[in-house]
Amino acid sequence: MKRQLCWCFMLLFALGCAKRTRKMLIESPLSDVFDHRLLKTLGVNEQVLPEIVFDEHLKLFVSQFIKAAKDNGRDISQETQDRLREIKYVDALSIGPAPGVMAVCNRYFAMQETLLGGPKKIHWMVIEVLKSTLDTYTTDDPKKAQILLREVIFHELFHCFMAKGHLPDSTPGIMNAFFVKGDTRAVKEWDQLVTEMFSDKEMALCPDTSG
Ligand SMILES: [Zn+2]
């Protein structure tokens, strides 16, 4: 028998990463900052899960991230993987655009009323990459640009899959809020950076954002 579903309401919260020139915070024009935005209510009455839309290039980083997590003892469940519905370039962010925003991991949930079993909470996630701003962080060198793009996407995937926030400002790493243009650590020490990102120490330093 076909199961009928009734969407009763939808809540949304966005875990965003904003990239701004760091001179907004300190006097350096070559640095960037990511920040969070949390829990927004849109008042949408009906909602359907978005189709899976993975950019052909960006999706490569998803499988790399999942493998890197596993290699570092952090298995990402299939259920969590399946919650990522879209990873794509956009001309404008769908939620709360702010000056300098480079990419976001938007995390959504909805209460789905079922005929049998009562309401059920479902989750999904969308990563948007604002190409125009991304280009101000990466470089004209295609090889280095690729590495820096991977750094940005790993940052977003960590937010999405691990449900974690940022490292303290004083702690360097992929999950630090500051992305410094010209920083070569991602180019020279990528494996070390990734190992540190999944370490017990950095996992404990990044606050939980699940909900
Ligand atoms: Zn971030």
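Miscellaneous remarks
- Inter-probe distance in nm under a simple model that places probes 7 Å from Cα toward Cβ, at residue 67 and residue 140: 3.2
- By other beta-carbon atoms within 10 Å, ranking 56, 128, 86 with the fewest at the front produces 56, 86, 128.
- Fewest-first ranking of 126, 180, using other Cβ atoms within 10 Å as the exposure measure: 180, 126
- In sequence order, calculated HN-Hα J values of the range 167-180 (Karplus, 6.51, -1.76, 1.60; Hz; x Gly/Pro): 5, x, 4, 7, 9, x, x, 4, 8, 5, 6, 9, 10, 9
- Measuring against 19 Å, Cα to Cα, the residue pairs 143/181; 67/144; 70/201; 59/131 contain 67/144 as the ones spanning a longer distance.
Readers should treat all values here as calculations from the given coordinates under stated rules, not as data from a laboratory. Note that this is a predicted model, so its numbers are computed, not measured. With ideal geometry, Cβ positions are generated from the backbone for all residues, glycine too; neighbour counts draw on all protein chains shown.
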